[in-house]
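Each remark here refers to the structure printed beneath this line.
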Amino acid sequence: MGEPITEERLERALDYLAYIIKRHGSVYMPIFERLERELFELRRRNRAIEERATRYMAANNIPPLDERLGSEPLNPSRHLGSSVEKLPPAVSNKRKRPI
């Protein structure tokens, strides 16, 4: 598989296609329109993920990251309670992936 599709890659592709359309005509417009839709959908999904994570953090009294910068490292047991201590050492030492 290639690189992941990001906003930046879609924006670069749209820039390139705009140049091609200006130079060679509207035959490439369907591709341009599809990339515009994909960029819109990617931004919509990214906003939804950000909003969901923000709601989760607010509901669980987790301060925003900018409030934690420069402070002590995150302590998972602070937010997960005593369930962290009940895990076997091999599991509790593994880094958990964010939502």
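The values are calculated or read from the model by the stated rules, or taken from the named source; none is laboratory data. Since the model is a prediction, treat every value here as computed from it, not as a measurement. No Cβ is skipped: glycine too gets one built from the backbone with ideal geometry, and neighbour counts run over all protein chains shown.
Some observations on this one:
- Look at the stretch 1-13: where a residue is closer than 12 Å to LEU42 by Cβ, no partner that is exposed (fewer than 12 other Cβ atoms within 10 Å of the Cβ) and of a type in the set (Phe, Trp, Tyr) sits 6+ places away or on another chain with Cβ atoms under 6 Å.
- Any chance ARG12 is under 15 Å from the mean Cα position of the chain (by Cα), at pLDDT 95 or above, part of a helix (DSSP H, G or I) and surrounded by 10 or more Cβ atoms within 10 Å (Cβ to Cβ): no
- Filter pass, GLU38 being at pLDDT 95 or above and in a helix (DSSP H, G or I): yes
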